[in-house]
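Only one structure is covered here, and it is reproduced in the block below.
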Amino acid sequence: MTDGGNLTALSSFILLGFSDAPELQTTIFTVLLSLYALMVLGNLTMILLINTDPHLHTPMYFFLTHLSCIDFCLSSATIPKALQTFLQGRSHISFWGCFAQMYVYLAMAVSETLMLGVMAYDRYSAVCKPLLYTTTMSRARCYGMMVLVYAMGFLTSLVHTTLAGRLSFCQARSINHFFCELPTLLQLSCSDTSTNEVLQVYNAAFDIIVSLLMILVSYTYILHTVLHIPLASRRLKVFSTCASHLAAITIFYAPAILTYVQPHGASSWDQAKLVSLCYCILTQTLNPLIYSLRNKEVQGALRRLWERKLLPHLSRF
């Protein structure tokens, strides 16, 4: 059967979720629904605050807006269908729906990887070259960086999705996962997937290495600058501006590396699905909390939004 025939004959896939452990699915559904609601509330609130408060119209918050947007899109591409899968035990997804989900997920995952590197460069410019910060992180450069981040994300995803779409899937329909992730589709194919697997590993390694290099180089210079500040209180204040970003890096890279760089067979599929579950929702839920709980500027913006916009409306009732 030709590839074109496969695309026509195979109209849908079946997402199995955690069908091997049905007793977990109700619990996972409840936890996942709660986390998704928090994720939507947190990220949309961050986007609203940053866009409506002039005090937050700076390069750092410009990038944070896009990080929140990426997080929202990444989770929303996967979690609603996952909720249906966990609620019903399994669910159907159309062939084109599956590949659309995979495309958006990959594009957002790559974009977020590179975004963390760009945000590290922003922190380096603010801490190490404060007098040149306005020039270095000009509006044009910020927009240029974002165009590059999104272009890399969507083009990389397009390559993977196009190559996966050329594979033969024969009569295999059951995906042992809660969403259409590239490795699970490659496992399902009856074609030679060696090219896809090699490209997946090399692309993941390239994106991670580029981002980590930007992060490591930036924070090496930041640490050197901080250590040469004479006042301890000043050192703590400067380093605290980077603490949220470092926390976001930590919770992002651990599951990402485990998911995409581990060799096949290193862990069970259920373990891999749990890692993917954390990567699809946990990072996206925690990021708004990380950037708001200890951030006085965000807290101030939230207070101003409450006093100027929300409180007057509530007082009418």
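Of the residues screened, Cys180 is not one that is at pLDDT below 95 and on the phi > 0 side of the Ramachandran plot. The set of residues in the stretch 27-62 being buried (at least 20 other Cβ atoms within 10 Å of the Cβ) and small (Gly, Ala, Ser) consists of Gly42 alone. In the set Ser292, Ser233, Ser211, only one residue is more than 23 Å from Met39 (Cβ to Cβ) and either of a type in the set (S, T, N, Q) or modelled with pLDDT of 80 or more (or both); that residue is Ser233.
Among the residues making up the stretch 188-223, those that are in a helix (DSSP H, G or I) and among the small types (Gly, Ala, Ser) are Ser194, Ala204, Ala205, Ser211, Ser218.
Yes/no matrix, rows are residues, columns are (1) hydrophobic (A, V, I, L, M, F, W, C); (2) modelled with pLDDT under 75; (3) farther than 23 Å from Phe18 by Cβ:
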site	(1), (2), (3)
Leu216	yes, no, yes
Thr220	no, no, yes
Ile229	yes, no, yes
Cys242	yes, no, yes
Leu246	yes, no, yes
Ala256	yes, yes, no
Thr259	no, yes, no
Ala266	yes, yes, no
Lys273	no, no, no
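With respect to Met152, determine if the residue is in contact with a His (Cβ under 9 Å, 6 or more places away or on another chain) and aliphatic (A, V, I, L, M). No: the conditions fail for Met152. If you scan the stretch 224-244, which residues turn out to be surrounded by 14 or more Cβ atoms within 10 Å (Cβ to Cβ), part of a helix (DSSP H, G or I) and more than 22 Å from the chain's Cα centre (by Cα)? Residues satisfying the conditions are Thr225, Val226, Arg235, Val238, Phe239.
The residues of the stretch 186-198 that are surrounded by fewer than 16 Cβ atoms within 10 Å (Cβ to Cβ) and at pLDDT 90 or above, listed by number, are Ser194, Thr195, Glu197, Val198.
For Leu286, the conditions (1) in contact with a Gly (Cβ under 9 Å, 6 or more places away or on another chain); (2) modelled with pLDDT under 80; (3) aliphatic (A, V, I, L, M) are fulfilled apart from (2).
Okay, residues lined up against (1) in contact with a strand residue (DSSP E or B) (Cβ under 7 Å, 6 or more places away or on another chain); (2) closer than 17 Å to Ser174 by Cα; (3) not small (Gly, Ala, Ser):
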site: Lys81; (1), (2), (3): yes, yes, yes
site: Arg90; (1), (2), (3): yes, yes, yes
site: Met102; (1), (2), (3): no, yes, yes
site: Leu114; (1), (2), (3): no, no, yes
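A Cβ distance below 7 Å, combined with a sequence gap of six or more or placement on separate chains, defines the contacts here; from the stretch 1-26, residues that are part of a loop (DSSP other than H, G, I, E, B) and surrounded by fewer than 16 Cβ atoms within 10 Å (Cβ to Cβ) reach residues that are of a type in the set (A, V, I, L, M, F, W, C) and at pLDDT 60 or above in the pairs Ser11/Phe95.
The values are calculated or read from the model by the stated rules, or taken from the named source; none is laboratory data. Predicted model only: the values in this text are computed from it and were never measured. With ideal geometry, Cβ positions are generated from the backbone for all residues, glycine too; neighbour counts draw on all protein chains shown.
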